[in-house]
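Beneath this line is the structure, given in structure tokens, with notes to follow.
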Ligand SMILES: Cc1cc2nc3c(=O)[nH]c(=O)nc-3n(C[C@H](O)[C@H](O)[C@H](O)COP(=O)(O)OP(=O)(O)OC[C@H]3O[C@@H](n4cnc5c(N)ncnc54)[C@H](O)[C@@H]3O)c2cc1C
């Protein structure tokens, strides 16, 4: 999602973007095939090339000593070498030489701290939807770190509702069970904003 948004903005600013994804189409995890197709159409006039179904294997620095002029080298050095060419390859054998790599590969919550406290981990801290309590008395959790029935919670909107559940549980007020709902997500791909 972030990768598609960034690629779109960078391309609108005139940068040449190569967008790689293990998924076969942009935003595959959150929008219908038709929406992905429309997005690719909206990108048609922009300098974005999308390659789906590819997995990055290596990133290596390219030795430019033989190919770059002295002036380019001087500019590169002044910029702290940030423009040095890198080669990016995929497991299927594709390769590109690029100036910059922006990684937007998502997040995976580390479980070490939760497990060390004896909490049950199921893609996140396992909490009861009725109370947001964990299996350890006196420990509640909410937000991105929790999972309900094995599904990780994400985004801002559910957190406000989780707060009400958690407060009622801690203060012994009448229960306000948290209900999981599918939250609309606004994908800010500027050429074609989408709601997932
Ligand atoms: C680039 C980006 C864009 C996003 N855009 C949207 C959006 O448009 N709409 C939307 O709904 N959501 C969006 N999200 C998701 C949203 O930001 C999260 O769902 C939300 O921030 C989760 O809140 P949280 O308090 O659970 O976790 P966080 O906001 O991640 O806060 C966790 C806090 O815990 C601290 N912490 C971690 N480990 C420890 C430790 N061991 N001890 C003490 N402190 C610790 C961290 O430093 C951090 O301050 C976006 C996220 C990102 C990264």
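I need a count of the residues in the stretch 82-110 that are at positive phi and either surrounded by 12 or more Cβ atoms within 10 Å (Cβ to Cβ) or over 15 Å from the mean Cα position of the chain (by Cα) (or both).
Result for the stretch 82-110: 1.
When residues of the stretch 153-187 are filtered for being near the ligand (Cβ under 10 Å from one of its atoms) and either surrounded by 14 or more Cβ atoms within 10 Å (Cβ to Cβ) or under 23 Å from residue 118 (Cα atoms) (or both), how many remain?
So the answer is 7.
Quick test for you: out of 29, 23, pick the one residue that is in a loop (DSSP other than H, G, I, E, B), closer than 30 Å to residue 184 by Cα and modelled with pLDDT under 95. It would help to see each step written out before you state the result.
Details: 23 fails: modelled with pLDDT under 95.
Exactly one of 29, 23 is in a loop (DSSP other than H, G, I, E, B), closer than 30 Å to residue 184 by Cα and modelled with pLDDT under 95, namely 29.
Considering each residue of the stretch 143-152, count those that are touching a strand residue (DSSP E or B) at 6+ places or on another chain (Cβ under 8 Å) and within 11 Å of the ligand (Cβ to nearest atom), and give that number.
Looking only at that region, the number is 4.
Which number in (1) over 18 Å from the mean Cα position of the chain (by Cα); (2) within 23 Å of residue 95 (Cα to Cα); (3) surrounded by fewer than 13 Cβ atoms within 10 Å (Cβ to Cβ); (4) without any contact (Cβ under 8 Å) to a residue 40 or more places away in the chain marks the one condition that residue 13 misses?
It fails just one condition, (2).
What is the residue count in the stretch 92-142 for residues that are in contact with a helix residue (DSSP H, G or I) (Cβ under 9 Å, 6 or more places away or on another chain), more than 13 Å from the ligand (Cβ to nearest atom) and touching a residue at least 40 places away in the same chain (Cβ under 8 Å)?
Total meeting the criteria: 3.
The values are calculated or read from the model by the stated rules, or taken from the named source; none is laboratory data. None of the values given here were measured: they were computed from a predicted structure. Cβ coordinates were reconstructed from backbone atoms using ideal geometry, including for glycine residues, and neighbour counts include every protein chain displayed.
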